[in-house]
Amino acid sequence: MAPTARAASTRAAPGGAAAPPEVVARLRSRVSDRLSVAGAGLSVAERDAVIAGYIAEELALHAQADIAAGRAPLTPQVEAAVARTLRDSFTGLGALQRLVDDPYIEDIFVNGCDNVFVRLTDGRVRRVAPVAASDEDLIELVRVAAARSGQEERRFDRGSPGLSLRLPGGQRLFAVMAVAKRPSLSIRRNVLRKVTLDDLVQRGELTFGLRDLISAMVRARQNLIISGGTGAGKTTLLRAAAAAMSPMERIVTVEDAYELGLDEDVEAHPNTTALQQREPNLEGVGGIDMATMVRWGLRMRPDRVIVGESRGAEAVPMLMAMSQGNDGSMCTLHASSSKQALTRLATYVMQAPERYPFDAANMLIGQAVDFVIHLSTASDGTRVVSSIRQVLETDGTQVPSNEIYRPRPDGRATAAAPMRADTLDLLIAAGLDPTLLDKDRW
């Protein structure tokens, strides 16, 4: 029988044994000193092998010292816990690694080294053990993670107090220091890395009608904005919608930190290039923002451009791409409703360096966006699609739209206003059975 979420999220180490912090600190210092002498110039694999050897040797020396002093040596279970904690501190995320590896944990919140909470996949929140001996050790842990991420230089210091990166397992980490009373971080685990719309139906997040409607939108190359609050499942839905694309299409993804991972699914998306913005170096130069990344992506002749999250000046080139031939493009957006998503998008356009006036911003949105799909949380705690809004033609004074799916009292979407006839014809030609929409009425 599989362990419960409670058991999985609170276990300290294999066998239930905890690693004594004072032993870990002492042996880590010894291993670190040896590594500083012999670790230069090694590849990641070579360095990991050297670290494993040093840990084994230091544990053996520690056991000999205990016996010589008449103390009881560490039990095999505790020694295994110490070895794992030491290994994770050099090659992983230290004490955070056990939380990152736990399949029952969806989010990790660290508010200083000893104030740690996790959100389980069933929605419960629990406090867990400290993840570092001090806040300074927590900062160093984050720096090691950034150095091992294999990405461009990612600083974490007083000059660059915010850090966003993708961990080797695909998890998303964001950390802050200096601007907060204590160093803090959050880690979001994508429970569904390889996901389809059928998977979301099985999880109760979509109806069959919504599944077929979104799939037809993708095949008909409609431009989609996927909106919702933090943790609403925007990235998961985008990844699932992308599974409906032809594997022969050329895709370019643009993100502030790699998270979508479409390029990693070589069967579904073999012709994909993933771009990530770059932070400035220590001299404050060399940074490449999202807007530039979108423009560069357009030069790579994509069939579709996918922006991981639009929240600034990148909205302008993204919308230009949608309205100038890159039909079927998508992005995610933070918003509280499908209607607010359009207002938020207009704000981003007007605040961009191009300084579009209000009417021009609305004109650009009306010409580029076809549908807004909004996600929220149902009354039973399930993340669901709650609204779909079709964007209509605009004269610039506003962005008119019809809410073709609206939220029910429980938060789930129900079919509402009729879709434009010409759009419905396009979706039917792409394989949509229109009778499913009537079945979604409540």
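The values are calculated or read from the model by the stated rules, or taken from the named source; none is laboratory data. Note that the structure is a prediction, hence the values are computed from the model and not measured. Here the Cβ is made from the backbone with ideal geometry for all residues, glycine too, and neighbour counts use every protein chain on show.
Residues in the range 326-338 include at least one that is of a type outside the set (K, R) and over 27 Å from A413 (Cβ atoms). Taking the criterion of being at pLDDT 90 or above and among the polar types (S, T, N, Q), would at least one residue in the range 308-319 satisfy it? No, the range 308-319 has no match at all. State the number of residues belonging to the range 145-181 that are modelled with pLDDT of 80 or more, farther than 16 Å from P280 by Cα and touching a helix residue (DSSP H, G or I) at 6+ places or on another chain (Cβ under 8 Å). Residues flagged as modelled with pLDDT of 80 or more, farther than 16 Å from P280 by Cα and touching a helix residue (DSSP H, G or I) at 6+ places or on another chain (Cβ under 8 Å) within the range 145-181 amount to 5.
Kindly evaluate L200 against the criterion of being at pLDDT below 95 and part of a helix (DSSP H, G or I). It is true that L200 is at pLDDT below 95 and part of a helix (DSSP H, G or I).
The set of residues in the range 40-88 being hydroxyl-bearing (S, T, Y) and surrounded by 14 or more Cβ atoms within 10 Å (Cβ to Cβ) consists of Y54, T85.
Note on the range 281-310: residues that are in a loop (DSSP other than H, G, I, E, B), in contact (Cβ under 8 Å) with a residue 12 or more places away in the chain, surrounded by fewer than 18 Cβ atoms within 10 Å (Cβ to Cβ) and not aliphatic (A, V, I, L, M) amount to 3.
Within the range 102-127, how many residues turn out to be among the acidic types (D, E) and within 19 Å of A175 (Cβ to Cβ)? Qualifying residue count for the region: 3. Taking the range 334-372 as the range and being outside any helix (DSSP H, G or I), surrounded by fewer than 17 Cβ atoms within 10 Å (Cβ to Cβ) and among the acidic types (D, E) as the test, only E354 passes. Filtering the range 270-310 to residues that are under 18 Å from R155 (Cβ atoms) and aromatic (F, W, Y) leaves nothing. Within the range 192-244, the set of residues being of a type in the set (S, T, N, Q) and buried (at least 21 other Cβ atoms within 10 Å of the Cβ) comprises T207, S215, Q222, N223, S227, T235, T236.
Residues checked against (1) among the acidic types (D, E); (2) farther than 29 Å from R26 by Cα:
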position: E106; (1), (2): yes, yes
position: A133; (1), (2): no, no
position: R155; (1), (2): no, no
position: S160; (1), (2): no, yes
position: P168; (1), (2): no, no
position: T196; (1), (2): no, yes
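The condition of being part of a loop (DSSP other than H, G, I, E, B) and either among the hydrophobic types (A, V, I, L, M, F, W, C) or surrounded by fewer than 19 Cβ atoms within 10 Å (Cβ to Cβ) (or both) holds for A257.
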